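Below is one structure; the comments refer to it alone.
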Amino acid sequence: MQHVSKAQIKLVRSLQQKKFRDETGLFVAEGEKCVEELMKGFELYLLVNRDNATEREIEQMSGLRTPQGTIGVFRKKLRVESLELREVESGELKVIPVLALDGVQDPGNLGTIIRTADWFGISDIVCSRDTADCYNPKVVQATMGSLARVRIHYSDLENWLAGQSAEGNIPIYGTLLEGRNIYKEKLEKKAIIVMGNEGNGISDEVRRLVTHPVSIPPFRQGDHAESLNVAIATAITLSEFLR
């Protein structure tokens, strides 16, 4: 295996920034397990490990406090903004439920949501344009390779939801504090499930398109946490829909 060059070291380091990920069409992942999983769904551009780089060089390229010794650079997949929920031939609904994210901005949360979606068999996530970049190294690490199995679409979420509602009479569930108790609701599996921003929840523009508002009630009476972390709330919500 040929030793990494200075240019390659510089390239890998640059991929911590979205600007260079967009320019090159590449993203970076670290850790043997994560890299191995991503190789199942992405084209490998460069593999760095102790066979072709020194510990010092790996430290220079790594975005982690404690480098794991293996770094993979992959080609990004072409993003498809328009996710069609209907098969042309049969008119049947495609990969449902579909998860929609409205302004989820923390990379760790997004990565955990992608990993959770993978666990529950969700194939597609539609994200608003202000949702974190799924190729952010922190997102990639948090997915632990699930990014290879879950398709991520970035779109004008309001317009996309409006189009789905008009075309297919598809129920749109949204997690809202004033929503109905999710444990008492009859939940349709052929649905779109919207999760909102960490601090502000679902935006007003998207909220008006929610046809089935639901909430996860607190089990502690009186004083309790103000809200759930969005990644945890997503896991609970998907579990209820799919159990």
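The values are calculated or read from the model by the stated rules, or taken from the named source; none is laboratory data. What you see is a predicted model; the values in this text were computed from it and never measured. Neighbour counts are summed over all protein chains in view; Cβ atoms, including those assigned to glycine, are modelled from backbone coordinates with ideal geometry.
What the table shows:
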| read-out | value |
| --- | --- |
| Some residue of the range 81-90 being at pLDDT 95 or above and buried (at least 19 other Cβ atoms within 10 Å of the Cβ) | no |
| Matching residues in the range 27-78 - criterion: being more than 17 Å from GLY145 (Cβ to Cβ) and not in a loop (DSSP other than H, G, I, E, B) | LEU46, VAL48, GLU55, ARG56, GLU57, ILE58, GLU59, GLN60, MET61 |
| Those residues of the range 175-186 which are out of contact with any Asp or Glu (no Cβ under 6 Å at 6 or more places or on another chain) and in contact (Cβ under 8 Å) with a residue 12 or more places away in the chain, in sequence order | THR175, LEU176, LEU177, GLU178, GLY179, ARG180, ASN181, TYR183, GLU185 |
| Some residue of the range 161-176 being of a type in the set (A, V, I, L, M, F, W, C) and closer than 22 Å to LYS19 by Cβ | no |
| Some residue of the range 7-20 being buried (at least 16 other Cβ atoms within 10 Å of the Cβ) and under 15 Å from LYS77 (Cβ atoms) | no |
| Candidates SER123, SER146 - the one that is more than 15 Å from VAL210 (Cα to Cα) and surrounded by fewer than 19 Cβ atoms within 10 Å (Cβ to Cβ) | SER123 |
| Condition check for GLY25: surrounded by fewer than 17 Cβ atoms within 10 Å (Cβ to Cβ), at pLDDT 95 or above and not charged (D, E, K, R) | yes |
| Leading residue by the ranking (modelled with the lowest pLDDT) among those in the range 158-181 that are surrounded by fewer than 18 Cβ atoms within 10 Å (Cβ to Cβ) and among the hydrophobic types (A, V, I, L, M, F, W, C) | ALA166 |
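Here is a yes/no grid of residues against (1) within 29 Å of GLY63 (Cβ to Cβ); (2) out of contact with any Lys or Arg (no Cβ under 8 Å at 6 or more places or on another chain):
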{"site": "GLN141", "(1), (2)": "yes, yes"}
{"site": "MET144", "(1), (2)": "yes, no"}
{"site": "ALA166", "(1), (2)": "no, yes"}
{"site": "GLU178", "(1), (2)": "no, yes"}
{"site": "LEU187", "(1), (2)": "no, yes"}
{"site": "GLY196", "(1), (2)": "yes, yes"}
